[in-house]
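See structure below.
What follows is calculated from the coordinates using simple rules that are stated; it is not laboratory data. Keep in mind that this is a model prediction, so the values were computed, not measured. Positions of Cβ are backbone-derived with ideal geometry, glycine not excepted, and every protein chain shown enters the neighbour counts.
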Amino acid sequence: MSVVGELFLEFALLSFVAFGGATALLPEMHRVVVENHHWLDDTTFTHLYAIAQAAPGPNVLVVTLIGWEVAGLAGALAATLAMCLPMSVVIYLLIDRWEGFAGKRWQKAISLGVAPLAVGLIFSGATLIAQAAEFGWAAWALVAVTMAVNLRTKLHPLWLIAAGAALGLLGLV
Amino acid sequence: MTSPCKKYPRGAACTESQNRPDLRALFLGFSSVGLSGFGGVLPFARRMLVDERKWMTAEEFNTQLGFCQFLPGPNVINLSVIVGKRHRGVAGAIVAPLGLLAGPLVIVLLLALLYDRYGSLPLAQSMLRGIAAVGSGLLFAMAWRMGMAIKDKPLFLPFTGLTVAAIAALRWPMPWVMVVGLALSGGVAYWRLGRK
């Protein structure tokens, strides 16, 4: 099968378990793209994540960048479609029926049950980026400061991203 | 206003929200959301849908978002499909997510072209490294905030630990981890809900 086809199938499968959105998929995308298929290396993967962070738009666009680096424009479009289309179709077909399930015990149980898993996935994504980029002590310090500032102030994340870019340019991270 | 409501009898949007956008308005409205959202577009989606254009009430927004968060997939895309369908059927459900993605997609691809050309320069590499560190910090903060929002922490946080162990340490395939994890964690939640 062509790389574009494989990419589409891999990401379409992932879209069905993307509880917590595309961000929660970072560890798995890394496993598929870097470890299993060797389509990208660690450094490129973290760079693509950084670019997606600095660009406007939904978080899902990191998938577009991965697709682009793996297989050009066709890869970018295939990866994006694979991530967005399957659940969109499911939602389109089922939304009216689902609204009748609101408040049902099993529906609440899934909502409650998904949350701790999503937290684990996002935490794993954060450690994965740090590992793949081989952070030194200065980068870890920046991670800690970012976390503290983001949790304790209302400063827009874009300022933090700009500060990270500047510190990086100065060779401090 | 009456005919679309007959078409979607259970759609609260029909009776409560004041405006019904056409396809062009859907595309442009969601484009503005996509292009203004840095680091998560949900707050911008809320501002556009509820405050500015009044396509949904705040209550409708919360309910619909609840559905999107309970389902897998990019939440904002799912939300745009729902809003598009509510107002303009199939065409709306296609046009709304396209609007959300088209602008940012072009920007991201231009950045990709720049990266392909200049990404190997040491300056670009160190800049991206700085951004990646901030990005990682933002993810830790997001995980922390979501973790703190969980009720019944002693009961549910162990599942967070197990997920991290399976995904980050053992590198098990995520589809299986999620299926088993959801069965266990959802099962505990189901049991807990029955006891209240």
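Take each residue in A:36-43, count the other chain C-beta atoms within 10 Å of its C-beta, and the mean is 1. For chain A, the longest principal axis of the Cα atoms and the long axis of helix A:137-152 meet at an angle of about 50 degrees. A protection proxy built from the mean count of other Cβ atoms within 10 Å ranks the segments B:40-46, A:4-10, most packed first, as B:40-46, A:4-10. Springs between alpha-carbon pairs under 10 angstrom, Gaussian network model over chain A: which of A:Thr146, A:Thr46, A:Thr23 fluctuates most? Among A:Thr146, A:Thr46, A:Thr23, the largest mean-square fluctuation in the Gaussian network model of chain A belongs to A:Thr146. Taking other Cβ atoms within 10 Å as a rough exposure proxy, A:Tyr49, B:Tyr118 sort from fewest to most as B:Tyr118, A:Tyr49. In this calculation the C-beta distance from A:Ala141 to A:Ala166 is compared with R0 = 22 Å, giving a FRET efficiency of 0.90. For chain B, complete DSSP H runs whose alpha carbons reach 27 Å or more along their own long axis and whose mean Kyte-Doolittle score is 0.5 or higher are B:75-118, B:122-148, B:174-195. Can you list, bin by bin at 10 Å, the percent of alpha carbon pairs in the stretch B:121-195, starting at 0? P(r) for the stretch B:121-195, in whole percents per bin: 16, 34, 29, 14, 6, 1, 0. Rounded to whole numbers, the Karplus 3J(HN,Hα) couplings from phi for the stretch A:61-78 are 5, 4, 5, 4, 5, 4, x, 4, 5, 6, 8, x, 4, 4, x, 4, 5, 4 Hz, using 6.51 cos²θ - 1.76 cosθ + 1.60 with θ = phi - 60°, and x at Gly and Pro.
For A:Phe101, A:Phe11, B:Phe27, B:Phe159, what's the fewest-to-most ordering of other Cβ within 10 Å of each Cβ?
Values: A:Phe101 14, A:Phe11 27, B:Phe27 21, B:Phe159 24.
Lowest count first: A:Phe101, B:Phe27, B:Phe159, A:Phe11.
Of A:Lys104/B:Lys153; B:Lys85/B:Lys151; A:Lys108/B:Lys54; B:Lys54/B:Lys85; B:Lys85/B:Lys153, which ones are farther than 26 Å apart at the Cα?
On the way: A:Lys104/B:Lys153 22 Å; B:Lys85/B:Lys151 33 Å; A:Lys108/B:Lys54 28 Å; B:Lys54/B:Lys85 16 Å; B:Lys85/B:Lys153 37 Å.
Pairs exceeding 26 Å: B:Lys85/B:Lys151; A:Lys108/B:Lys54; B:Lys85/B:Lys153.
Under a Gaussian network description of chain B, with springs only between Cα atoms under 10 Å, the residue in B:Ser185, B:Ser120, B:Ser32 that fluctuates furthest is B:Ser185. In the protein assembly as shown, helical runs assigned H by DSSP with n ≥ 4 each contribute -39500 (n - 2.57); averaged across all residues and rounded to the nearest 500, the mean residue ellipticity at 222 nm is -25000 deg cm²/dmol.
At q = 0.13 Å⁻¹, work out log10 I(q)/I(0) for the protein assembly as shown with the Debye formula, treating every Cα as an identical point scatterer and leaving solvent out; two decimals please. Ignoring solvent entirely, the Cα scatterers give -1.06. The residues A:His47, A:His38, A:His156, when put in order of fewest to most other Cβ atoms within 10 Å, stand as A:His38, A:His156, A:His47.
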